[in-house]
Amino acid sequence: MTFATREMGEADARAIMHWRYPPPYDLYNGEDSDDSLKEMVDGSYHVVTLQGELFGFYCAGKSAQVPAGEKFGLYPAGPVDIGLGMKPDNTGTGRGAAFLSYILRDIACHHPGKPLRLTVATFNARAIALYTQAGFIANGEFATDSASFQVMEKPSAGA
């Protein structure tokens with residue numbers, strides 16, 4: 001499997017904003033708005049392709065945080081926050097570990113040796129198992145009106 005990365009452009013962002021996941025994963029459905037588009041093309045989002053086709057994406061920094069987590073003190077300075085998403089057709093196909101490993105290696109190039117942090121909905125057992133396997137450790141939980149979330153950290157960006 002040969003993944004590649006590029007900075008997200010407007011066409012990529014618009015495609016991702018229209019991805020639709022089945023419940024309960026519909027929490028991850030994108031919002032088609034000018035604010036979402038502006039955020040996705042601000043340089044913090046990257047497209048991951050497989051054989052030239054849009055496979056998924058990742059972002060790093062503040063964009064990867066769930067805003068409600070900040071008021072619970074779960075985002076102290078230090079770790080690089082990351083967020084990621086796979087095209088709905090690619091989920092559950094057994095390629096999640098390779099996708100995550102590729103993203104972690106790419107982030108390590110930009111943030112060598114830095115600890116990583118991600119936030120995942122607690123119902124997303126598949127993702128939590130994948131993140132745990134990749135070395136992430138649960139470091140706190142919080143709830144919003146729409147879902148409960150788990151914050152996970154990994155000591156360094158390497159895969």
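The values are calculated or read from the model by the stated rules, or taken from the named source; none is laboratory data. Since the structure is predicted, the reported quantities are computational estimates derived from the model, not experimental observations. For neighbour counting, all protein chains shown are included, and Cβ atoms are generated from backbone atoms with ideal geometry for every residue, glycine included.
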Evaluate the range 15-29: report whether one residue or more is at pLDDT 95 or above and among the acidic types (D, E).
no
Taking the range 16-41, which residues are over 16 Å from the mean Cα position of the chain (by Cα) and surrounded by 15 or more Cβ atoms within 10 Å (Cβ to Cβ)?
L37
Just the residues that are without any contact (Cβ under 8 Å) to a residue 12 or more places away in the chain and of a type in the set (D, E, K, R), please, taken from the range 17-50.
D26, D34, D35, K38
Looking at the range 22-66, which of its residues are closer than 22 Å to I107 by Cα and assigned to a loop (DSSP other than H, G, I, E, B)?
V41, D42, G43, S44, Q51, G52, G61, Q65, V66
How about the range 131-146: which of its residues are surrounded by 15 or more Cβ atoms within 10 Å (Cβ to Cβ) and either within 20 Å of N29 (Cβ to Cβ) or of a type in the set (G, A, S) (or both)?
A134, G135, G140
Scanning for something surrounded by fewer than 18 Cβ atoms within 10 Å (Cβ to Cβ) and within 25 Å of N29 (Cβ to Cβ), does the range 147-159 turn up at least one residue?
yes
Among (1) small (G, A, S); (2) surrounded by 11 or more Cβ atoms within 10 Å (Cβ to Cβ); (3) farther than 19 Å from F136 by Cα; (4) over 15 Å from the mean Cα position of the chain (by Cα), which single condition is S44 missing?
(4)
Restricting attention to the range 96-111, report how many residues are of a type in the set (D, E, K, R) and surrounded by fewer than 17 Cβ atoms within 10 Å (Cβ to Cβ).
1
